[in-house]
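Participant: The following block contains the structure, expressed as structure tokens.
The values are calculated or read from the model by the stated rules, or taken from the named source; none is laboratory data. All values derive from a computational prediction rather than experimental measurement. Note that we place each Cβ from the backbone using ideal geometry, even for glycine, and neighbour counts take in every protein chain shown.
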Amino acid sequence: MSINALIDLLPKTELHLHIEGTLEPELLLVLAKRNNVTLPYGSVEEVRAAYEFENLQDFLDIYYQGMSVLIEERDFYDLTMAYLEKVHGDGVRHAEIFFDPQAHMERGVSFDTVVAGIASALEEAGRQMDMTSKLIMCFLRHLTQDAAFEALDCACKHKDTIYAVGLDSSEAGRPPELFSDVFAKARAEGFVAVAHAGEEGPAAYVETALDNLKVSRVDHGNRAFDDPLLIARMVRDKVPLTMCPLSNLRLKGIPDLSAHPVKRALDAGLVATVNSDDPSYFGGYINDNYKQVAAAVGLDETDVIKLAKNSVTASFLADTNKQSLLEKIESQVASWRKDI
Ligand code: ADE
Ligand code: ZN
């Protein structure tokens, strides 16, 4: 059996996934009709044709436009359930999911509506598919820190549902330290912290995400490779990176997939993981990311198994749950070896 068969079989977690970025063109059009939202597209083909991006901002403009069809609680439920059903077949047994409440609240959709829809799908998946999950609320970094504080106030009423806070959206010129105070308050309230850093911004943003925001994981982190001392620090402190190869390719952070730093990250001893970011926009879910980057940079079976194990150790699961998932990986690897 091929390495692709191994990738399909491996139990894994997904740690970098924006739920709004899973909105497939088909569902986008269904929801637009259901909610009487006018979009500049008449067909699925026209939607897909619009998904050509030069950079992060280019993508974000289309991404925020797309989420305008999400209005009712059931829209968020349908969106989340569609993602969970899809990746259950990819071997995802645990997902830590980002959402962008500020982008919905500014359109008049309440925080509670968003959380209720997403959370009920997560609960249903727990019951029906034995999938576990955690929810991560992102602050939009193109907005002010005051706006982030308002989102945090809302999140504090949902501590049973929201596990962590993150930082996403336009990175250029918006360093993590602009959000130091709101992250300090979030951590004091008991939320774990993560942040997008070094996707388009410099290695210095990865450093301040660690120093000022005190993040437990770095989302993307590609540009950290410009600073060998920073990489050494992240290896020493076992700071996981949630990497997203197809996203980096489609947003032109790398010229082609063979330039992706995931192999470098593994070889350096970093806790690197592979994830999908916004799969409906970037042309592939988690297993597509594993398979395409494995072929492009030459990952072998040891690398792929390590990535799946890293996805478990880098997660926010309790140690006992991590242990049982790691054992499931071992037993799938053993049966894959028997078949080759
Ligand atoms: N929001 C959704 N996807 C994103 C990405 N790749 N970077 C920053 N913000 C995002
Ligand atoms: Zn992201």
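Participant: Restricting to segment 126-151, what's the tally of residues that are part of a loop (DSSP other than H, G, I, E, B) and either among the basic types (K, R) or closer than 16 Å to F316 by Cα (or both)? Show your work before the answer.
Facilitator: Of the residues in segment 126-151, the ones part of a loop (DSSP other than H, G, I, E, B) are 130-131, 141-144.
Still in the list and also either among the basic types (K, R) or closer than 16 Å to F316 by Cα (or both): 131, 141.
Within segment 126-151, residues that are part of a loop (DSSP other than H, G, I, E, B) and either among the basic types (K, R) or closer than 16 Å to F316 by Cα (or both) number 2.
Participant: Take H220 and tell me if it is at pLDDT 95 or above, out of contact with any Cys (no Cβ under 9 Å at 6 or more places or on another chain) and within 16 Å of ligand 2 (Cβ to nearest atom). Before the answer, list the steps.
Facilitator: Details: at pLDDT 95 or above: yes; out of contact with any Cys (no Cβ under 9 Å at 6 or more places or on another chain): no; within 16 Å of ligand 2 (Cβ to nearest atom): yes.
Spelling it out, it is not the case that H220 is at pLDDT 95 or above, out of contact with any Cys (no Cβ under 9 Å at 6 or more places or on another chain) and within 16 Å of ligand 2 (Cβ to nearest atom).
Participant: Out of L167, L246, L230, which single residue is away from ligand 2 (no atom under 15 Å from the Cβ) and either part of a loop (DSSP other than H, G, I, E, B) or not hydroxyl-bearing (S, T, Y) (or both)? Lay out the reasoning, then the answer.
Facilitator: On the way: L167 fails: away from ligand 2 (no atom under 15 Å from the Cβ); L246 fails: away from ligand 2 (no atom under 15 Å from the Cβ).
One residue alone meets the criteria, L230.
Participant: So, in segment 192-214, of the ones that are in a helix (DSSP H, G or I), away from ligand 2 (no atom under 14 Å from the Cβ) and hydrophobic (A, V, I, L, M, F, W, C), which residue ends up surrounded by the most Cβ atoms within 10 Å (Cβ to Cβ)?
Facilitator: Residue satisfying both the conditions and the ranking: V206.
Participant: Only helices (runs of 4 or more DSSP H) wholly contained in segment 1-75 count here; list those with 1 or more residues that are within 11 Å of ligand 1 (Cβ to nearest atom). Working first, answer last.
Facilitator: Numbers: elements: 3-9, 25-34, 44-49, 56-66.
Result: 56-66.
Participant: State the number of residues belonging to segment 157-182 that are closer than 13 Å to A195 by Cα and under 19 Å from the mean Cα position of the chain (by Cα). Even if it seems obvious, please write down each step before you answer.
Facilitator: Going residue by residue through segment 157-182, those that are closer than 13 Å to A195 by Cα are 164-171, 174-180, 182.
Subset that is under 19 Å from the mean Cα position of the chain (by Cα): 164-171, 176.
Number of matching residues: 9.
Participant: Taking segment 148-190 as the search range and keeping residues that are touching a residue at least 40 places away in the same chain (Cβ under 8 Å) and among the aromatic types (F, W, Y), which one is surrounded by the fewest Cβ atoms within 10 Å (Cβ to Cβ)?
Facilitator: Checking each candidate, the answer is Y163.
Participant: In addition: Of the conditions (1) part of a loop (DSSP other than H, G, I, E, B); (2) farther than 25 Å from A103 by Cα; (3) within 16 Å of ligand 1 (Cβ to nearest atom), V239 fails just one. Which one is it?
Facilitator: Condition (3) is where V239 drops out.
Participant: Helices (runs of 4 or more DSSP H) wholly in segment 272-339 with at least 1 residues that are within 16 Å of ligand 2 (Cβ to nearest atom) and at pLDDT below 95 - which ones? Can you show your working first?
Facilitator: Working: elements: 279-282, 286-297, 301-313, 319-339.
By residue number, no helices (runs of 4 or more DSSP H) qualify.
Participant: Looking at L213, is it farther than 30 Å from E26 by Cβ, free of Cβ contacts under 8 Å to residues at least 60 places away in the same chain and within 16 Å of ligand 1 (Cβ to nearest atom)? Break it down stepwise before answering.
Facilitator: On the way: farther than 30 Å from E26 by Cβ: yes; free of Cβ contacts under 8 Å to residues at least 60 places away in the same chain: yes; within 16 Å of ligand 1 (Cβ to nearest atom): yes.
Judged against the criteria, L213 is a match.
Participant: Out of segment 278-302, which residues are without any contact (Cβ under 8 Å) to a residue 60 or more places away in the chain, aliphatic (A, V, I, L, M) and under 18 Å from D219 (Cβ atoms)?
Facilitator: If the condition is that a residue be without any contact (Cβ under 8 Å) to a residue 60 or more places away in the chain, aliphatic (A, V, I, L, M) and under 18 Å from D219 (Cβ atoms), then V293 is the only one that fits.
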